[in-house]
Each structure stands twice: as C-alpha cells, then as structure tokens.
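Working notes, structure below.
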Amino acid sequence: MDILDSRTLFTVITAVAVQSIASPIPDFPPELYFFPYVVGNAVLVFFLASRYMAWDAIATYLMTTNAIFLLTSALLIIVHRLYFSPLTKFPGPKMAAITALWNANEARLGRIPRTYKALHEKYKSDVIRVGPNEVSVRNADAIGRVYKGKHPRGNFNQVFNLVGGDTIATVRDYRRHTLWRRVWDRSLNGAEIPKYLERIKLHVDKTVKYLREKAGEAVESGKLFDALVYDVLTDLTFSKDIGLQPVAGQRGPGDRTFVDLLHSFVRFAGVVGHLPTLQQIFRYLPTSAEGRKVNLIGNRLIAERQALVTEQKDFFGHFSSSGVFTQEELKLQVLTVITAGADTVTKALNQIFALLASRPDIQERIRQEMNDAFSGEGVPPSEILRNLEYLEGVIKEGLRMFSPLFRGAPATAPKGGITLETGDYIPQNTQIWISQYLVMTDERNFPRATEFLPERWISEESGKGTELVKDRRAWFPFGNGAHSCPGKALAMAEMRFIIAYMLREFDVCFETRGGQPFSYEEWAADWKDFFAVEVGELFLKFVPRTATGIRE
Ligand code: HEM
C-alpha cells in the first residue's frame with residue numbers, strides 16, 4: 001500500500017511537472033508528448049525488470065501508473081484550458097475551450113462559419129474562443145494585422161500535406177515559400193492570362209454548344225461548371241483535355257475518378273485539419289487506397305505530359321522549367337493547381353449564376369454594358385471585359401455574398417502576439433480564424449449585406465463608395481498577405497469571360513418544378529461549409545438568344 005501511495009504521489013507529481021513545463025502560453029501541441037511518453041515508459045519497464053519483478057506484475061504496474069498519469073494529465077489540461085489559459089479572457093463555449101473535437105464536429109456538420117457568427121452575436125464580442133488554442137475574429141481591421149508580412153500559417157493548413165509532402169499552400173518555411181511563390185506568380189501573371197483565355201474559350205465553346213443543343217432544357221448548374229472548370233484547369237496544367245464536359249447531350253467521356261477523389265480529400269481535410277494530433281497519427285499510417293489512387297493518376301498525368309512535345313506553356317511547363325522543384329515537389333504543385341483552382345472557381349460561378357438567374361434585370365444590364373463598350377463580333381476581348389465596371393461589381397458582389405472559402409484560412413499569432421484595434425491582445429501561437437463569411441456579410445462593413453447589389457462597387461452609384469461599402473478591407477475572398485491567392489487574376493479573368501460569353505448566348509433562369517417556382521432564398525440559405533462551401537443541386541435553364549440579343 002505504501003509503495004502504491006508513493007508511486008501514485010510520484011506519478012501525480014510527474015504529471016503536474018510535465019504539464020507545467022508543457023503548458024506554455026497558450027497551449028502545447030499534444031503530439032510532442034508522444035516520444036518522451038514512450039521513452040518514459042521504456043525506462044520504467046527497464047527499471048522494474050532490473051529489480052527482478054515478474055512480467056505480469058510489471059504489466060499491472062505499468063497500466064495503473066499510466067492510468068494515474070493520464071487521468072491526472074487530462075484533469076490538469078482541462079483545468080488549465082478552462083481557468084489558466086491566456087485565452088480564458090475571450091468568451092466562447094466551454095467545450096470548445098476544452099477540446100479541439102468541438103471544432104472538428106462543427107466542421108463535420110458543415111456549419112463552422114454559421115456557428116462562429118451566432119457565437120459572436122451571442123457574446124457581443126469581436127473575438128471569441130473557438131478552441132483550446134484558437135480564436136475567431138470578426139473585424140475588418142484585424143485582416144491587415146493578422147495576415148501581415150510573413151505571418152506564420154495556422155496549423156490547420158498542414159493537413160493538406162497529407163497528400164505526400166509540402167506544397168505552396170502548406171509550406172511554412174518562408175525561404176522555400178518565397179522561392180516557390182516566385183515560380184507560381186510568374187506562371188499566373190498578367191502576361192500569361194490572355195494565352196490561357198484563348199484555351200479557356202475552346203472549352204467554353206463546348207459548354208455553349210451543349211447548352212444550345214439542350215435548347216433551354218434545365219441542367220444541373222453545379223455539375224455543368226464543375227466539368228467545364230476541371231477541363232479548363234487540367235488543360236492549363238498538363239495540356240490535356242480530360243473530357244468531363246458533356247458532348248452531344250451525353251455525360252462527358254472523361255474519367256471523373258481523379259476529381260471525385262480530390263473532392264473527398266478536401267472534405268476529409270476540412271475536419272482532420274482541426275485535429276493536429278490526428279493529423280500526426282495519419283502521417284505514420286500507410287497511405288489509404290484513395291491516396292494511392294491519386295498518386296497513381298497524378299504520376300500518369302505527369303508521365304504523359306513529360307512525353308508530350310509542345311510549344312504551349314502550361315503550369316507543368318512553367319514549374320518544371322523553373323528548375324526549382326524536385327520531381328515529387330513538382331507533382332504536388334501541379335496537384336495543388338487543380339485542388340486550389342478548380343473547386344473555387346466552380347463554386348463561385350455556380351453561386352453567381354444562381355444570383356443572375358434570380359435577377360434578369362442584372363443580366364440585361366451586363367449585356368448592355370458589353371454592347372456599349374464593344375461593337376465587334378463575339379465576346380469582348382479581355383482588356384475590355386476587365387474594364388466593365390458593372391460586370392466587375394457582379395463578380396465582386398457574388399464573391400462577397402458566397403465566397404467558396406467561407407471559413408477562411410487561419411494564421412498563427414507570431415512571436416510577441418498581436419494587439420487588435422479593439423484592444424484585444426492575442427498571445428503568440430494562437431491559431432486565429434477570420435471567417436470570410438463573418439466579415440463579408442457584416443453590416444458594419446457592407447450595409448444591406450444580404451442583398452445582391454453589384455452597384456455597391458460603383459462609386460457614383462453607391463454614394464462615392466461610402467454608403468454601401470463602409471470598409472474596403474473587408475472584401476477578401478482571395479485572402480490577404482503573403483499567402484493570398486496567386487490565382488486571383490486568372491480566376492477573375494476566367495469568370496469575367498465565362499459570364500460574358502454565357503450571357504451573350506443565353507437568358508438564364510430557374511427551372512420551375514411541377515409548376516412550383518424555385519425558391520432562390522431557400523436554396524441559397526442551405527449551404528454547408530466542408531472547407532469548400534457546398535450547396536444543393538441547382539437546376540438552371542439556359543435559353544438561347546439570337547446574335548442580335550433577342551431570344552430565339
Ligand atoms: C474564385 C476563385 C478563387 C478563390 C476565391 C481563391 C481563394 C484563395 C484564398 C482565400 C487563398 C488564401 C489561403 C491562405 O491564406 O492560406 C488562396 C490561396 C491559394 N490559391 Fe486561390 N482562390 C481562387 C482561385 C485560384 C486559382 C484559379 C488558382 C490557381 C490556378 C489558385 C491557387 C491558389 C494557391 C496555390 C494558393 C496558396 C498560395 C500560398 O499559400 O502562397 N486559386 N486562394
């Protein structure tokens with residue numbers, strides 16, 4: 001009994017000592033416990049064995065000691081997180097303060113941005129605690145402070161290197177990031193975009209042809225844009241047409257396996273990213289069957305591209321001729337083009353076309369603006385499209401209301417922490433979320449935030465930009481700072497072109513089912529955030545117009 005008591009006391013003291021060392025401000029990554037913990041157990045076994053203790057007695061001793069250690073540690077962690085963490089000053093659910101599982105569960109249910117919004121409103125605070133070591137901030141001024149300079153990324157993003165290593169979107173070492181980013185920026189700069197647009201046009205031609213054949217019959221818009229944008233991006237990356245777009249009224253002949261696998265990886269990452277310990281465990285497990293398939297398809301696409309002799313500059317060509325990437329890094333970069341660049345544009349287009357279908361007057365005004373600026377044949381060239389204020393307002397407003405990445409990308413508070421405009425001090429190493437949904441639909445930044453008002457972005461119409469845009473910094477669908485989106489210019493050019501082309505060819509409206517009008521509001525309100533925002537099916541009719549702009 002004496003031995004048990006002194007052992008219990010010793011174990012509890014050890015647990016307290018470990019916790020006091022391992023609970024610096026504001027929290028300690030649990031995976032760092034693992035190695036010392038295993039070594040501690042091994043030393044204990046060695047010590048007991050050297051005292052000629054029987055193996056079954058050693059096992060019992062080990063189990064009870066571990067149980068005491070783990071229970072004491074768990075208790076101390078809970079008490080620390082609830083009462084002694086420097087984040088206790090921020091309001092938030094108790095369960096979120098205790099465990100990251102709270103956030104992971106919200107992510108699993110697809111409701112992180114909505115839950116955060118409700119909590120900010122409930123606690124009437126611009127900063128709330130959403131994890132043992134995480135806060136959510138809804139303040140436009142914080143964007144510049146949190147994403148300033150070479151800010152450290154949040155640890156959430158590390159989940160994306162489970163694909164097999166670092167990519168531009170995960171790398172934390174700034175020396176490597178700067179080197180890689182230069183290559184990315186060169187391949188996505190303004191001089192390249194017109195060349196990409198020529199190829200984008202060939203793919204949109206196919207979608208337009210298909211929709212003309214459909215003659216106004218309803219199509220599911222999410223699938224339509226998904227096929228178009230993946231075809232575009234695979235072409236721009238590998239100079240290969242994967243053929244996902246429908247042809248002659250039939251589903252595209254291309255193989256969707258790759259795209260579907262990437263979609264499900266993003267969903268998985270959206271939950272596991274919130275659980276750093278689980279992320280670590282996954283690193284030690286063998287690659288899943290899906291992961292192996294992605295690798296196989298990726299390797300095949302790269303081998304085919306390497307065998308292709310072409311003058312055409314695609315992302316693969318840009319990346320490989322830079323000499324910056326190893327073969328494995330190259331594969332991960334090109335996969336990133338597709339994961340980062342396809343789903344985002346697809347979702348944005350889908351939402352914008354839903355908004356347009358709900359407002360024929362806005363469609364008409366875009367056509368009018370195009371006609372006024374360009375009297376030639378076909379879609380106005382990119383230098384004209386770029387200067388169409390109203391069209392730009394439509395895209396900006398669409399992205400404001402429905403950014404494809406509502407949750408936003410987290411940053412880690414740097415050494416010395418961050419003090420916000422509100423006076424709140426966020427200690428170093430805290431993961432900070434600034435949800436795009438919260439800031440871009442905040443009435444303080446954008447009055448009448450729930451209304452689709454493209455004129456918001458035209459100064460003369462919105463009272464010199466002060467009436468409907470109170471804070472321009474609050475529009476950040478492409479992120480901010482060193483990690484902001486390198487694909488912004490391409491995404492904007494692609495969306496301008498697709499919207500202009502489609503509206504020139506078609507009137508867009510909702511399908512009515514069984515005589516019931518489609519409820520845009522109900523459909524739009526039903527989004528879920530699985531890292532990329534997902535919405536229900538949307539059936540749109542693209543009713544062909546004649547060349548003179550009158551319906552056929
Ligand atoms: C509507 C379309 C798009 C939206 C809303 C969007 C949004 C974003 C956001 C918010 C980030 C910042 C993430 C962070 O701070 O960690 C980001 C990063 C990134 N985006 Fe985009 N994106 C879009 C299209 C594209 C396209 C077309 C490409 C490539 C062809 C692309 C490639 C990337 C890459 C590589 C990064 C990581 C950059 C870095 O960490 O340095 N995106 N994007």
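The values are calculated or read from the model by the stated rules, or taken from the named source; none is laboratory data. Here the structure is a predicted model, which is why all the values come from computation and not from measurement. So basically every Cβ, Gly included, is an ideal-geometry build from the backbone, and we count neighbours across all protein chains shown.
The residues of the range 313-352 that are away from the ligand (no atom under 16 Å from the Cβ) and not in a helix (DSSP H, G or I), listed by number, are G323, T326. Looking at V204, V272, can you tell me which residue is surrounded by 18 or more Cβ atoms within 10 Å (Cβ to Cβ), modelled with pLDDT of 85 or more and under 30 Å from P544 (Cβ atoms)? Answer to the selection: V204.
Yes or no: L202 away from the ligand (no atom under 13 Å from the Cβ) and farther than 26 Å from V439 by Cβ? So L202 fits the description; yes.
I'd like to check something: does the range 323-341 contain any residue that is buried (at least 23 other Cβ atoms within 10 Å of the Cβ) and of a type in the set (G, A, S)? Checked against the condition, which is being buried (at least 23 other Cβ atoms within 10 Å of the Cβ) and of a type in the set (G, A, S), the range 323-341 yields at least one hit. Restricting attention to the range 160-197, the residues that are of a type in the set (D, E), more than 18 Å from the chain's Cα centre (by Cα) and not in a helix (DSSP H, G or I) total 2.
Restricting K313, K331, K293 to residues that are among the charged types (D, E, K, R) and in contact with a Lys or Arg (Cβ under 8 Å, 6 or more places away or on another chain) narrows the list to K313. Pairs linking a residue in the range 336-349 that is under 13 Å from K223 (Cβ atoms) and at pLDDT 95 or above to a residue that is more than 6 Å from the ligand (Cβ to nearest atom) and not in a helix (DSSP H, G or I), with Cβ atoms under 6 Å and 6 or more positions apart or on different chains, are K347/V533.
Would it be correct to say that S288 is surrounded by fewer than 18 Cβ atoms within 10 Å (Cβ to Cβ) and within 23 Å of the chain's Cα centre (by Cα)? So S288 fits the description; yes.
In the range 428-546, counting only strands (runs of 3 or more DSSP E) that sit wholly within it, the ones holding 3 or more residues that are under 17 Å from V394 (Cβ atoms) and more than 14 Å from the ligand (Cβ to nearest atom) span 506-510.
Looking at this structure, is V309 at negative phi and touching a residue at least 12 places away in the same chain (Cβ under 8 Å)?
No, not satisfied.
Please work out if E213 is without any contact (Cβ under 8 Å) to a residue 24 or more places away in the chain, over 19 Å from the mean Cα position of the chain (by Cα) and more than 15 Å from the ligand (Cβ to nearest atom).
no
Return yes or no: is I366 at pLDDT 95 or above, under 29 Å from the mean Cα position of the chain (by Cα) and buried (at least 17 other Cβ atoms within 10 Å of the Cβ)? No. Every listed requirement among (1) small (G, A, S); (2) touching a residue at least 60 places away in the same chain (Cβ under 8 Å); (3) out of contact with any His (no Cβ under 9 Å at 6 or more places or on another chain) is met by S125 save one, (2). Listed by first and then second residue, the pairs linking a residue in the range 361-372 that is without any contact (Cβ under 8 Å) to a residue 24 or more places away in the chain to a residue that is part of a helix (DSSP H, G or I) and crowded, with 17+ Cβ neighbours inside 10 Å, with Cβ atoms under 6 Å apart and 6 or more places separating them unless they lie on different chains, are E369/Y390. The helices (runs of 4 or more DSSP H) falling completely within the range 86-153 that include 2 or more residues that are small (G, A, S) map to 94-98, 101-108, 140-146. Residue count for the range 148-198, restricted to those that are more than 11 Å from the ligand (Cβ to nearest atom), farther than 24 Å from Q428 by Cα and among the small types (G, A, S): 4.
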